[in-house]
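Structure first, then comments.
The numbers here are math on the coordinates, done by the rules we state, and not lab data. On a predicted model such as this, the values are computed, not experimentally measured, just so you know. All Cβ positions, glycine included, derive from the backbone under ideal geometry; neighbour counts span all protein chains shown.
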Protein chains: 2
Amino acid sequence: MKRTQLFIKTRKDAPADEVAKNAQLLIRAGFVYKVMAGVYAYTPLGIRVIEKIKQIVREEMDAIGGAELIMTALQRPDTWQTTKRWDDDVVDVWFKTQLKDGQEVGLAWSHEEAIIEMMKQHISSYKDLPQYVYQHQTKFRNELRSKSGIMRGREFVMKDMYSVCLDEKQHETFYSACTNAYMRVFERLGIGEDTFVTFASGGAFTKFSHEFQTICDAGEDTVYMNSDRSVVLNEEVLNEDTLKELGVSRDDLTPVTTAEVGNIFNFGTQKSEEMDFSYTDKEGKKQFVYLGSYGIGITRVMGVIAEKMSDDKGLVWHANVAPYKVYLASIGDVSADAENLYKSLKSSNIEVLYDDRDARPGDKFADADLMGIPIRVVISSRTLEEQSVEVKLRSSEDTRLVSLGDISNYIASIEQ
Amino acid sequence: MKRTQLFIKTRKDAPADEVAKNAQLLIRAGFVYKVMAGVYAYTPLGIRVIEKIKQIVREEMDAIGGAELIMTALQRPDTWQTTKRWDDDVVDVWFKTQLKDGQEVGLAWSHEEAIIEMMKQHISSYKDLPQYVYQHQTKFRNELRSKSGIMRGREFVMKDMYSVCLDEKQHETFYSACTNAYMRVFERLGIGEDTFVTFASGGAFTKFSHEFQTICDAGEDTVYMNSDRSVVLNEEVLNEDTLKELGVSRDDLTPVTTAEVGNIFNFGTQKSEEMDFSYTDKEGKKQFVYLGSYGIGITRVMGVIAEKMSDDKGLVWHANVAPYKVYLASIGDVSADAENLYKSLKSSNIEVLYDDRDARPGDKFADADLMGIPIRVVISSRTLEEQSVEVKLRSSEDTRLVSLGDISNYIASIEQ
């Protein structure tokens, strides 16, 4: 993509009404546009980051047998009345509206009941199980306040997966596979080292549920972590029983500020009983299915990455989620050579943002830094004298000259 | 994908309340799930068709310089009040709801005003133009009735593109490029021969706008077409003036039932004046930008394809949009060989749905036909005696044996 094809202009200052660092940086760098508090559009730069995060999640969900689908935003009351969750006193984040005939409909803040309602129509026998489905879907939550940028939106993108199993054993096998898949996701997103499976309170069918918490100053959660980081739990379950069960002492636990990037939950047969979701087993007997749900906040993760990976010059994207791998900046009157290099990099399947603007070198360098593109390549009459370009990593101050003939291979060889 | 990993069961009969053929077929074949009238979820089969349509559109929009982004569903009143389109008497398809603090918000039925509002923040000089942006986004329209299946949804997916140009000349160049890109899209979707650029009424800045109308019995429109199909116009503009301008006589025009699959529109400077979207030209003078909008109904196109390409056995997808290229059905106790073949086809990058169910051959064949997968491959002890599989195209009754060694190449060589 050429900068002149990108309508975005970066800003020196964040908007006055934006208090979250992630949104400040993402707005300044031109990745997001604020429509209202908690409601953000994603520009051509921003959508590339989202799609990269989604693709990593997709690959890991597919690898454990997940089938992607897409549900609807509009929800019918009866689907949620069976579990009493249509009631605004029970769920206080509904947006509700009306069809022309006056029938009330809601905007999905979750899809648990909707997915169950649909899968019930198709699953009837033990032969039909297990099933794992997931979607990348917009959720709407009518939050009272929304001051955490894209980390807590009123409209945001979530990956939600649902497992439908025969019994507890089949459920546990998948639950464990999904835990591992989630950790692979967070590793590939570059936040694996700072992300921990955290014990949280369970429900009727399980003592604990599990959250994936990432160390992040802007997070809204506090977790308690032991010194070797092998046991992490949240406040809800910080009691003598838990400490004993997990074999840690209270003295060894330190509070750490974190952001929840994922969660996994065992519903057991609670929801399937409420919604009468059953199957016929080998003996012809009716059994309720075992249900689990597994979420990753896609846009929230993007916000957490922005919070964690930045410096005073701007964003510093991990190569796996950067919108482009290379920021190519031309300096002076070298447009023919720059254009050739741009085409050559693209034909080597290198994702490159080519700053072809008639702008000062300092402005181009500042934008490359602010946007956080991993590799900056500068082409100028000076570098061309040596049939070379200048290469600098976003994460380093060093520059080096690389010959035009080697540049594609050189870039391909750089991991980050 | 294996059928046992797909929760879907096909149905012999359509739901009683579904009157549209596209939805009847798509529900019976397990591509869509009806949440309420005009609101459909897309199963793992359905989402694959949507994504293939989107990818074809994406490639053609990128090829003419489009930059993909994603706006929001939630809309602020003030953005739409500037053009008076917040008013329910002016736009009667709004869904509206409220934030916790009582502020009214709407669900986007279009994104024209929202895109303009955002781009205004970034574009100020002639150097910033032209710009072309597009999105694949969910639209919400509170239709009074919704009986056309996925061809007219209350919640549906649309590709909408917007052009921001310096002047009429620059606009016209892009408008023409986009017209050609749209025709390439419809050709690649397999409906090119039956899709026509149709003259429709323009606005303040242009005599005509243009619709892309596809011949379709279930369509809601009527167009008038001359005998060599070179001139097509809709009822709004069927008058003496138009006939004279286009050089056709009324006697040569035949009414044809069609569905609108796309439209392109020249706003001129009308909307930019209303919303004060201007730039500074080379002489330092303020000029209003020239705006155009370009839509393709993604889910509607899927519905039109389903309407047009089917027979008494079910859907007949064009290879470019089929969810899978191959339906692999195993018959009898050949699971080890079938599994090997499945893996081998996948490793040759052939998209294959493997019916590994313990089911009768007739049921498997019926599903392959109903789902409309272009190529059916049957593996059985009988075919294995000859180290072969049986191949049948969905669009033909002929079967042939192809040796296991040749099957990947054979399938790759089949266009449809």
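Here are some notes:
- DSSP-loop GluC sites (Glu not before Pro) across segment B:278-371, with at most 10 other Cβ within 10 angstrom: B:283
- Of every Cα-Cα pair in chain A, the percent that sits beyond 37 Å: 33
- Shape call, segment A:201-353: gyration tensor on alpha carbons, a/c limit 1.5: oblate
- Normalised contact order of segment B:1-88, rounded percent, pairs of Cα under 8 Å and 6 or more residues apart: 15
- When both segment A:193-254 and segment B:31-66 are represented by their alpha-carbon centers, they are found 41 Å apart.
- Overall form of segment B:324-413 per C-alpha gyration tensor (a/c, 1.5; a/b vs b/c): rounded
- Footprinting exposure proxy for B:402, B:35, B:261 (fewest neighbouring C-beta atoms within 10 Å first): B:402, B:35, B:261
- Exceeding the 19 Å Cα-Cα cut-off - candidates B:120/B:285; A:54/B:120; A:9/B:120: A:54/B:120
- For residue B:192, the amide hydrogen comes within under 5 Å of the amide hydrogens of B:187, counting only partners 5 or more places away or on other chains and with H modelled in the peptide plane.
- Segment A:324-413 - share of DSSP beta bridges that are antiparallel (%, nearest 5): 45
- Taking chain A and dividing mean pair separation by its residue count, relative contact order in percent (alpha carbons under 8 Å, at least six apart): 16
- Structural descriptor for segment B:324-413: relative contact order 31 percent, calculated from alpha carbon pairs under 8 angstrom and at least 6 residues apart.
- On Cα atoms only, tilt of A:298-308 relative to the major axis of chain A in degrees: 50
- Taking a straight Cα-Cα cut-off under 15 Å and skipping sequence neighbours fewer than 8 places away in the same chain, the aspartates and glutamates within cross-link reach of residue A:2 are A:337, A:339, A:351, A:355, A:356, A:358, A:367, B:62, B:68, B:128.
- Angle in degrees between helix B:168-188 and the longest Cα principal axis of chain B, rounded to the nearest 10: 10
- Projecting the Cα atoms of B:173, B:225, B:318 onto the dipole axis of the protein assembly as shown, where Lys and Arg carry +1 and Asp and Glu carry -1 at the beta carbon, places B:318 farthest toward the positive end.
- Over the protein assembly as shown: helical MRE at 222 nm, DSSP H runs n ≥ 4 each giving -39500 (n - 2.57), nearest 500: -8500 deg cm²/dmol
- The protein assembly as shown - share of DSSP beta bridges that are antiparallel (%, nearest 5): 85
- Candidates B:69, B:353, B:328, ranked by Gaussian network fluctuation over chain B, Cα under 10 Å, top entry: B:69
- Measuring from the axis that maps chain A onto chain B, the chain A residue with the nearest beta carbon and its rounded distance in angstrom come out as A:97, 2.
- Shortest first, residue A:246 label-point distances to identical copies amount to 7.1 nm, with the label point at 7 Å from Cα along Cα→Cβ.
- To the nearest ten degrees, helix A:361-371 and the longest principal axis of the Cα atoms of chain A are 10 degrees apart.
- Here is how far apart the residue B:104 label points are across copies: 2.0 nm, shortest first, using a point 7 Å from Cα toward Cβ.
- Shape category assigned to the protein assembly as shown from the gyration tensor of Cα positions, a/c cut at 1.5: rounded
- Burial ordering of A:111, A:136, fewest other beta-carbon atoms within 10 Å first: A:136, A:111
- Note on residue B:87 and residue B:344: their simple-model spin labels are 7.0 nm apart, each label 7 Å out from Cα toward Cβ.
- Taking the DSSP beta bridges with both ends in chain A, the antiparallel portion is around 80 percent.
- For segment B:264-293, trypsin sites (Lys or Arg not before Pro) are listed when DSSP marks them as loop and at most 10 other Cβ atoms sit within 10 Å of their Cβ; the list is B:282, B:285.
- When the GluC sites (Glu not before Pro) in segment A:152-224 are filtered for DSSP coil states and for at most 14 other beta-carbon atoms within 10 Å of their beta-carbon, the remaining sites are A:220.
- Sorted from closest to farthest, the other copies place their residue A:127 label points 7.0 nm away, with each point set 7 Å from Cα along Cα→Cβ.
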